[in-house]
Every structure is written in structure tokens, then in C-alpha cells.
Amino acid sequence: MAHKTLFDLRTDHVSAGPRQLTAAELLANFDGLRADGLTSGPLKVSAKADATRGQAVVDVFLNETLIHRAMMTFAKPVLDINVAAGGAAAKGCIRLELESAPQFSAVTIDVLASDSAGSHPMRGQVTTWAAKGLPVIGDYVRVL
């Protein structure tokens with residue numbers, strides 16, 4: 001097996017071209033942002049929004065178990081929920097509603113959760129923010 005030189009390693013990466021960021025790299029953009037949330041019966045939803053990117057990360061918990069973590073974007077603005085676990089269930093959708101600056105964008109929810117205690121509707125805004133700039137469509141890295 002031949003050893004690669006530093007030049008070979010550099011050209012291998014350059015020839016690969018740009019790559020899309022991983023989920024972990026994208027989620028790191030939301031570290032340190034404030035999380036807003038709602039709770040209704042067994043369902044808890046929290047959201048962190050980046051006003052400069054027009055994106056949000058939404059966590060959905062059922063009976064305190066994380067069932068969904070989704071990045072909501074201009075290209076993927078709807079998260080459908082239809083899950084049952086541990087005697088509880090939730091069905092509905094969460095939406096990213098983007099507006100142009102200086103209007104307010106929001107993450108909204110319309111989900112019905114149920115457990116042995118009954119039905120627990122969750123409707124309204126999970127979080128809202130003043131829009132800034134245009135939404136980011138994709139993130140890529142190019143090794144130089």
C-alpha cells in the first residue's frame with residue numbers, strides 16, 4: 001500500500017467538492033438559543049428558532065420520551081405527528097410559518113394528545129420571532 005503525501009490528501013478533499021453539513025453540524029447552529037415550549041397532558045413540545053436563518057429545531061416528547069427532533073426549514077416546513085407509546089398517543093402537525101422582515105415568523109402546532117386521563121388538544125404558537133433576512137435553503141462546506 002502506497003503512502004499518501006500531504007498533496008494527495010489535499011487534492012482528494014478538493015476533488016470531492018462541497019459537501020452538505022451533517023445533522024450534528026446544523027443543530028450546533030442552535031446551541032445557546034432560547035427554547036420556548038408548551039405542555040398538554042403527556043405531550044411536550046419545545047422549539048428553538050434562528051431568526052437570521054429562518055429555521056427552527058423542534059423537539060416533541062410523549063410521556064417525557066423524545067419521539068421527534070426535527071429541523072424545520074423553508075424546504076421542509078411541516079412535521080406530521082402520529083405516534084403512540086406507553087398508553088399515550090399524539091396526532092396532528094407542527095408548522096414553520098415564515099414571513100418576510102420585519103413581520104413575525106412562528107412555529108405553530110395543532111396536535112391532539114390523549115392518555116388515560118382523556119384528550120389534550122395543543123393549538124397555537126410554540127414560539128415566534130421577528131424575521132430577519134431571507135431563509136437559508138442549504139448549508140455546504142468546501143474544503144480549501
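Each value in this text was obtained by applying a stated rule to the coordinates, not by laboratory testing. Values in this document were obtained by computation on a predicted structure and should not be read as measured data. Here Cβ is always computed from backbone atoms with ideal geometry, including for glycine, and neighbour counts include all displayed protein chains.
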Among 23-33, 59-69, the order from most to least packed when residues are scored by Cβ within 10 Å on average: 59-69, 23-33
Among 128, 26, 93 the positive-end extreme of the charge dipole of segment 19-144 (Cβ point charges): 26
Sequence ranges 41-52, 89-100, 123-134, ranked by mean other-Cβ count within 10 angstrom, highest first: 41-52, 89-100, 123-134
FRET efficiency, 1/(1 + (r/R0)^6) with R0 41 Å, evaluated for residue 116 and residue 52 via beta carbons: 0.40
Computed E for residue 28/residue 103 - FRET, C-beta separation, R0 35 angstrom, nearest 0.05: 0.80
Residue 20 paired with residue 63, simple spin-label distance in nm, labels 7 Å along Cα-to-beta-carbon: 3.4 nm
